[in-house]
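Only one structure is covered here, and it is reproduced in the block below.
Every read-out reported here was derived from the displayed coordinates using simple, explicitly stated rules and does not represent laboratory data. Computed from a prediction, not measured in an experiment: that's the story for all the values here. Cβ: placed from backbone, ideal geometry, glycine included. Neighbour counts: every protein chain shown.
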Amino acid sequence: MTSDIDKASHETDLAANIAMVRERLKKACLEAARPLEEITLTAVSKTQPREKIEQAINLGLKTFGENKVQEAMGKWSALKQQHENIELRLIGPLQTNKAKQALGLFDVIETLDREKLANALAKAIAKGAPSIPLLVQVNTGEEPQKSGIAPRETVDFVKLCQQQFGLDVVGLMCIPPANEPPAPHFALLAKLARQLDLNEISMGMSGDYDIAAQLGATHVRIGTAIFGPRARALPEKWEPVFG
Ligand SMILES: *Cc1c(COP(=O)(O)O)cnc(C)c1O
C-alpha cells in the first residue's frame, strides 16, 4: 500500500515537471516571438500506468501520445470514456492489420509512413472506420533503420494520400537522428509543411522541444521530462539467473 505521503510527493513531481516544461516552452516562444497557444503539449504516456496518466489528466493535460496500439487499447479505452475532450495520438509505427483498430481508438495518427498503410487506412475508412486527421512521418535524416518518407518524396506522397486515397493529411512529424543536432531537421520539416500548406508540425521531444518550438512546432511530444525515466520492459520470458 502506498502511504498518502508517497502519493503526494509523486503528484508534486508530476505537477512540478509539467510546470517546468510549460515554463521552458514559454521562454522558447518568447524568444521566437510566437504565441504559446500555437503549441500543443503532447504528453507521451507509453509504458506509464493508468494511475499516473489519470494524475496527469487531473493536472490539466489533455493531449496524449502512445506508440503501441495494443498497449493503448488496454489503457485508454476506459480512460477515454471517463474523461471527455482527451485527444489521443498514435506516435509509433502502425501495422496495416491494425489500421481499423487504430482508427477506432486514436483521434490522430502521426505515423503515416508508406503507401501500403495509406491503402489500408483508406480501405478501413471506406468500410466505416472514422476518417481521422493524419500526419505523414518524414525520415529527415534518411536513416535506413527508421521509418518515414524521404524528404524529397514527401510532397508527392502527401498529394498521393490526399488525392488518390482521400485521406485527411493535416501535418508532418519527424524524429531526428539521435546523434545529430536536431535544428536542421526541424527546419526541414517546417519548410516541407509550409510548402504543402499543412497546419500541424509534430517535432521535439524531452531533450530538444524548446528548439523545435522555436523552429515552428505546433505539437511537441514529451515523455521523460513529464513522467520521469521509463522503466525498461523485461524480456517476455525473463527468468532470474543465479550464480
Ligand atoms: C517516446 C517518444 C517520445 C518521447 O520521448 P522523450 O524523450 O521521453 O520525451 C516522442 N516521440 C516519439 C515518437 C516517441 O516514441
**OP:** Would you pull out the residues with amide H under 5 Å of residue 204's amide H, same chain only if 5 or more places away, H placed 1.01 Å from N?
**Re:** 221
**OP:** First obtain the Kirkwood hydrodynamic radius of segment 140-234 from its Cα pairs, then insert it into the Stokes-Einstein equation at 4 °C and 1.567 mPa s, and state the resulting D in µm² per second as a whole number.
**Re:** 91
**OP:** Arrange 62, 127, 116 by Cβ neighbour counts within 10 Å, fewest through most, would you?
**Re:** 127, 116, 62
Subject >> Within a Gaussian network of the chain (alpha carbon springs, distance under 10 Å), most fluctuating of 150, 231, 99 >> reply: 231
Subject >> Sorted by Cβ neighbour density within 10 Å, fewest at the top, the residues 34, 152, 22 >> reply: 152, 22, 34
Subject >> Placed amide H near residue 40: partners under 5 Å, 5+ positions off or other chain >> reply: 219, 220
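Quote the Stokes-Einstein diffusion coefficient, in whole µm² s⁻¹, for segment 53-197, based on the Kirkwood radius over alpha carbon pairs, a temperature of 20 °C and a viscosity of 1.002 mPa s.
Result for D is 134 µm²/s.
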**OP:** Express the Stokes-Einstein translational diffusion coefficient of segment 65-120 in µm² s⁻¹, to the nearest whole number, given a Kirkwood radius over alpha-carbon pairs, 4 °C and a viscosity of 1.567 mPa s.
**Re:** 113
Subject >> Percent of Cα pairs exceeding the 17 Å cut-off, where the set is segment 172-213 >> reply: 23
Subject >> Helix-only [θ]222 nm of the chain, DSSP H runs n ≥ 4, -39500 (n - 2.57) each, per residue, nearest 500 >> reply: -12500 deg cm²/dmol
Original post:
What nm value, rounded to one decimal, do you get for the distance between residue 163 and residue 16 when each label is placed 7 Å out toward the C-beta?
Top reply: 5.5
Original post:
Computed on alpha carbon atoms, what radius of gyration and Dmax characterise the chain, expressed in Å?
Top reply: 18.6, 62
Subject >> Linear extension gain, residue 87 paired with residue 26, 0.36 nm per residue minus alpha-carbon span >> reply: 19.8 nm
Original post:
So how do 42, 63 line up by other beta-carbon neighbours within 10 Å, fewest first?
Top reply: 63, 42
Original post:
Say R0 is 22 Å: what FRET efficiency, to the nearest 0.05, do residue 178 and residue 68 get from their beta-carbon distance?
Top reply: 0.65
**OP:** Have a look at 219, 83, 185 and tell me which one the Gaussian network model of the chain (Cα, springs below 10 Å) gives the largest fluctuation.
**Re:** 83
Original post:
What number comes out for the charge environment of residue 214, summing +1 per Lys or Arg and -1 per Asp or Glu over other residues with Cβ under 9 Å away?
Top reply: -1
